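Take a look at the structure below.
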Amino acid sequence: MKVFYTGLIFFSFLLYSHAQLSKSWEGEWRGKLEIYNEKGLQQSVDMGLNIISQSDSSWKWQIIYGSGEQEQLRDYLLYKNETDPNQYVLDEQNSIQLYLSHVNQGLYSWFTVMQSELLVSYELIDGKIHFETITTTESQSLTTGGEDNSPEVKAQKVRNIQKAVLIKKP
């Protein structure tokens, strides 16, 4: 592992490892999704995640929001990126594909859609999947620095956080 130091910001990068989505990720997971903004908890909804093996290198990845008549199912396909063992591709099956990077004990995705940036994480900790999405808005960024040998830094306000702890169904 190399650690890079820039001013007060530390960056650590795991240079290379043969990460593998283990069988412990597979199954039906359920929990409560809590949605927060600057004013606090705004909404709480049922959430599910089904990870179903299709082959050694692909999985059905289903995200479920709500329940009963309000249930919304998002049916995706997750597969290994053939050129990088730490990368997976989440195919939304509508021409949109996202990277899911396998680092340590989690899967992480960072993407931009409609002027919002999202950092999504799924971490498998003690037999539970800890899900989190952090959303920022590109249009509300603050650019500082760039003087006296300091780098230019672009900062964004966090607008929304979504969190859930998902427990595997027996």
Practice prompt. Output the peptides 62-75, 100-113 sorted from most to least packed, where packing is the average of other Cβ atoms within 10 Å over each peptide's residues.
Written response: 100-113, 62-75
Discussion item. Along the Cα→Cβ direction, 7 angstrom out, place labels at Ser109 and Lys154. What is the inter-label distance in nm?
Written reply: 2.2 nm
Practice prompt. Rank these by accessible area, largest first, 1.4 Å probe: Lys154, Lys163.
Written response: Lys154, Lys163
Discussion item. With N set to the number of residues, divide the alpha-carbon radius of gyration of region 33-133 by 2.2 N^0.38 Å and report two decimals.
Written reply: 1.14
Worksheet, complete the sentence: FRET efficiency for Thr144 and Asp91 from the Cβ-Cβ distance with R0 = 35 Å, rounded to 0.05, comes out at 0.40
Practice prompt. Could you state how much accessible area Ile167 has, in square angstrom rounded to the nearest 10, with a 1.4 Å probe and all protein chains kept in place?
Written response: 90 Å²
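If you rank Asp56, Asp91 by how much accessible surface each has, with a 1.4 Å probe, what is the order from largest down?
Asp56, Asp91
Rounded to the nearest whole Å², what accessible area per residue is found for the chain with the 1.4 Å probe?
Details: 11210 Å² over 170 residues.
That works out to 66 Å² per residue.
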Discussion item. Assuming 0.36 nm per residue, please report the length gained on full extension of the stretch Ser44 to Ile167 beyond their Cα-Cα distance.
Written reply: 42.6 nm
Item to complete: Determine how large the accessible area of Ile125 is when every protein chain is in place; take a 1.4 Å probe and give Å² rounded to the nearest 10.
Response: 50 Å²
Worksheet item: Out of these labelled values of volume of the Cα convex hull per residue in Å³, [x] 126; [y] 145; [z] 166, which was calculated from the coordinates shown here?
Response: [z]
Discussion item. For a quick check of understanding: with a 1.4 angstrom probe and all protein chains in place, what accessible area in square angstrom does Thr135 have, to the nearest ten?
Written reply: 20 Å²
Worksheet item: In the chain, with Lys and Arg counted as +1 and Asp and Glu as -1 at Cβ, which of these residues, Leu90, Gly40, Trp59, has the Cα nearest the positive end of the dipole, that is, farthest along it?
Response: Gly40
Worksheet item: Cα centroids of region 144-165 and region 19-53: how far apart, whole angstrom?
Response: 26 Å
Discussion item. Among Asn86, Asn37, Asn94, which one shows the highest mean-square fluctuation when the chain is modelled as a Gaussian network with alpha-carbon springs under 10 Å?
Written reply: Asn94
Worksheet item: Of the heavy-atom accessible surface of the chain (probe 1.4 angstrom), what whole percent is carbon and sulfur?
Response: 51 percent
Item to complete: Per residue of region 81-97, in order, report the coupling 6.51 cos²θ - 1.76 cosθ + 1.60 (Karplus, θ = phi - 60°) as ³J(HN,Hα) in whole Hz, putting x for Gly and Pro.
Response: 7, 5, 9, 9, x, 9, 10, 10, 10, 9, 9, 7, 6, 9, 5, 9, 10
Discussion item. Placing unit charges on C-beta atoms (Lys and Arg positive, Asp and Glu negative, everything else neutral), compute the dipole magnitude of the chain about its Cα centre in debye, rounded to 20.
Written reply: 420 debye
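The values are calculated or read from the model by the stated rules, or taken from the named source; none is laboratory data. Small disclaimer: the values here were computed from a predicted structure and weren't measured. Quick reminder, even Gly has a Cβ in these numbers, built from the backbone with ideal geometry, and neighbours come from all protein chains shown. The accessibility values were calculated without ligands, DNA or RNA, using every heavy atom of the protein model including side chains. Shrake-Rupley method; radii C 1.70, N 1.55, O 1.52, S 1.80 Å.
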